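Scroll down for the structure; my scribbles are underneath it.
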């Protein structure tokens, strides 16, 4: 039934969108109608992501034997590889067959467009990663190696621990300790808030930026590095709210290198968490694109 209703709303959404119905039209409707509008449009397909991980689709996962996962008979699965939905073959995978996150199938039925699927790390030894600096990253989209230019990095994260520890890190980019441009989303000595930590070209230039209060709800995080003239800027928003937008220099600008889920930038500490969807774009999103993607994710994951 859920699939049939989705199909009906998809047809309806295409019809309305084809007539250029404005978003404001839906804002006077129920929240259910508005949520269906954003999710059924599948906004990411229009934005050509460089990488796209989506937990709502069970057939984008492989187990430790290399078999595609199916939710038909089992609702949780050990995951070796999270497959890239963008078609660019940039897959996240665990480091070993003995330490794999668990994929929990979607169990949400009402409203039909809301999902609760997740890829969950245990905080002990689970680890998923993709190395943009490796040969396996390929040269698609005109890029190869570490992304050290304009980019947009988007992910839906849900913390699990109700009593977290200092410097718990949920997601990070970095190849080795103390390297400039490494960053992570973590706590600090303050365990009541999420922070963005960016290692500059020296310890003195390391940034620690407050994001939002810590809780165990899903949130949509968007990190953008972009250029205005010759000036590099970093912008971070959560759930559609701007946390900061400021200038930096080339030596201290964030990059996408070795991306790690459930681990810190120094590759030394694990943390339990749920990831639901993740994107990389090799460009700055426009304000309209960012808004539409936020609405799609907020409606889909109930953030």
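Just so you know, all these numbers are worked out from the coordinates, no wet-lab data involved. What you see is a predicted model; the values in this text were computed from it and never measured. With ideal geometry, Cβ positions are generated from the backbone for all residues, glycine too; neighbour counts draw on all protein chains shown.
Values computed for the structure shown
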| read-out | value |
| --- | --- |
| Highest-first arrangement of 282-293, 251-262, where packing means the average Cβ count within 10 Å | 251-262, 282-293 |
| Computed Rg/Rh of the range 154-281, alpha carbon atoms with Kirkwood Rh | 0.94 |
| Pairwise centroid distance, computed over Cα atoms, of the range 88-130 with the range 253-289, Å | 14 Å |
